[in-house]
Structure formats: C-alpha cells, structure tokens
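Where a number appears in this text, it was derived from the coordinates with a stated rule and is not lab data. Since we're looking at a predicted model, the values are computed, not measured. Virtual Cβ from ideal backbone geometry, glycine too; neighbours counted across all protein chains shown.
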Amino acid sequence: MKAFTRQLWGKWINQILKPTLTEAELNARLNEARQHLPIPVFWMLGKAQSGKTSIIRALTGSSLAEIGNGFQACTRSAGFYEYPDHLTAFVRFLDTRGLAETDYDPTDDIGWCEQQAHLLIVVVKAMDHQQDCVINAVKKIRKKHPDWPVIVAQTTLHEGYPSREMEHIIPYPFNHPPFGAAVPSDLARSLLKQRELFDDLGDHFVPLDFTVEEDAYKPLDYGIDNLWHSIEQAFPLGLLALFRQSEQRHLLNDDYAKKAHPHIISFAIAAGLAAAIPVPSASLATTVAVQAKLFHSIASIYGLTLTVKSVTEVCSAAGIGALAGIGGRELTKLLPIYGQTAALGVAGIYTATVTYALGQVFCLYFAGTLRGHAFSTRMLRALYREEFKRGGVVLSNSLERI
C-alpha cells in the first residue's frame, strides 16, 4: 500500500510540474465546466461619469487600467468585466453606456442586459438631481423584475463638501437618515432628496466617495464596507469572503498575496467544478491541470519557479495524502451513505477547499523564500489546516449553486 501511495504521489507531482493537458485543452474544459456554475452579474446603471467604474475598481481591488482593458463587448453599447479574468471569473460586472448621452437610445441595451443580471446597482452623483432618464429606466426594470434587489450608490460625496479642505467624516455617518450634524447641510439635503426621487425603487441607499491618490481624500474607498454590507444583504452569496483576503497573517498581507488571492479563489472553484461535474471535461486530469495552473501562477507572481522541492515541501507539510485530496473525491463516490448528488457536492467542495488551502500555503512558502526565511513543517501544516477550514466556508456558497 505504501509503495502504491508513493507511486500516486510521484505521479501527481509530475503532473503538477508538467501538466498532461495543453493550455488550449485546459481552457476548453474550463469553459465547458463553467457553464454549470451560475456566475452572479452586477449590472451598473447610471449616467456617464457617475462613478460606475470606480465602484468596480473598489469592489475588486483592480486598477482603473486593468478594468478598462478587461471589458469585453456584449452589445454595441454595453460590456462585461469578468473578475478576475474571462476564463475563471466568479463574478461579472455589466456596464452600459451612460444614460442621457446625446443620440443614445438605451432601450435595446436595457432589454438585453435585464436578461443577464442578478443585482442592479444604480449609480448617481450625490449632488446631481437631473436623474429622470435613470429613474425612468429603473422603473421599467423594476416593473419587469419586482423581486430584483436594487442598490442606489450615491457617489462623489466630496462635491457636496463646503471646501476642499474638508475631510471624510469618520465614523461613517450615513447609515441612519437624516444623518448627523457633521454632514454638511447641502450634502444632507441632496442625499435625502435623491432618496425621495428613487422612492419605492431602491432597496438600499449607500453614500460613497471612491477616489484616487491624486484627490488626496482618505480613505480612497470611503463607504466600501457599507456597500459590501448592502450587497451581502441584498444578494447573500458570501461574495465578500471571496473578494477579500484573510487578514490574520501579516506574512501573507503583501502585494504578491493580494494579487494571488483572486486567482486562488477562481482556480479553487474551477478545481471544485472539475471534481464535481460528471461530464467528460471534468476528469481527474482536468482537476490536476487546474491545480498545476494555479501553483505555477502563484510562483510566477512571486517571480519564482515551481520545483519538485517546493511542491513536495508544501504538499507533504500539508499532510493531505497522495493526490492532494482528489483521492477524497473518489472515496465519497464509494460510500453507500451518499447519493450521487450528495457525493458530487462533497467532491466539489472538498477538492476546491484543498486547492484553496494549498494556494494560500504556497503564498506563505514563496514569501518566505523571497525573504530567505525557511518555514517549519509544523508551521506550514498549521496554516494549511487553518486555511482548509476557512476555505470550506468561503467556497461552499459558490459550489452549492452547481
């Protein structure tokens, strides 16, 4: 048995270092498997320059340049931004051309977009009351989709500050209207008037001010936690946990780990799909190839190369057995207590969780490598167990929708 286990272990390491699937084959299989995972679509609706792109930037942590380059046209005047990328996206943002633009009739675009979206985020500048075109559009959408959650984001609060020297009010004062005395009177009146304009149309109202460094306002993403709270209330899928990296370990809170985090999430979900869905594309080879893609990507982010040593040390320290948990997928299918559907759910979540935890351990391992710091087997194993527990919670909502 030990010899057989070593043989499987060596085979898995070889496939991680030299995947049997080509890039094109893996992409094709991932695209097929993704059709089984409903990807939530956030529809950003508002006038031009209202702050739609800034909201996407703040939610995803991506730069404005990345977002601008990432939009893919889906109609003549609308586009999808898939996060973290088109191949492994676990959320999509749908942005339409700014309403009220000259010679633009949004009827066709709105008709198409409303067939795609799950959550509507209406974006209005806090001091702009010329919102007839937006209100009319939302009324039509609301009439067709009365059960849709609608969040009204009131942006660019600083335009309502009495002077350039005024700073954001801390703590955030906008949760309970009519707000506190610290909120400038003109701004307060404007925000409340907009609530009247969107009466019976918006479920949540969130004043925001998302800026860039040059604007010199701190924090740059003022109100982001309140927006996330509204999203989680309106659309409870646990997306905040997917977007945000754990803040428990300072060694992982570096720029490399932040860049790697969305890829860990997306590839973990992809590995879970490959393990869970009984279609030809979702084979054992696909699952291992997805894990290989993730581990190589993390190494590349840190400017390092994946080696037999690094794979062996990380995975052995994790103590996860021969095939990094994929054997667990086969075991669930052999247990009579599970029906086929239950086994598929266990398989997907288990494999996704293993992949997620391994990704986090690789980040710590490579961070230590860059700093010349060696981690003990005990430390890596403790991190793996911690991230395995967290990953199960973080990923279960996504994979249970399969």
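Couple of notes before you dig in:
- Within straight-line cross-link reach of LYS309, aspartates and glutamates at Cα separation under 16 Å, skipping those fewer than 8 residues along the same chain: none
- Radius of gyration (Cα atoms) of region 54-156, expressed as a multiple of 2.2 N^0.38 Å: 1.09.
- Two-site FRET efficiency, HIS86 against SER185, from Cβ-Cβ distance with R₀ of 45 Å, rounded to 0.05: 0.45
- Potential extension, LYS143-ASP200 segment - 0.36 nm per residue separation minus Cα distance: 19.4 nm
- When the P(r) of region 41-236 is calculated, the portion above 24 Å amounts to 37% of the C-alpha pairs.
- Potential lengthening of the chain between GLU101 and GLU167 amounts to 20.5 nm, from the contour at 0.36 nm per residue minus the alpha-carbon distance.
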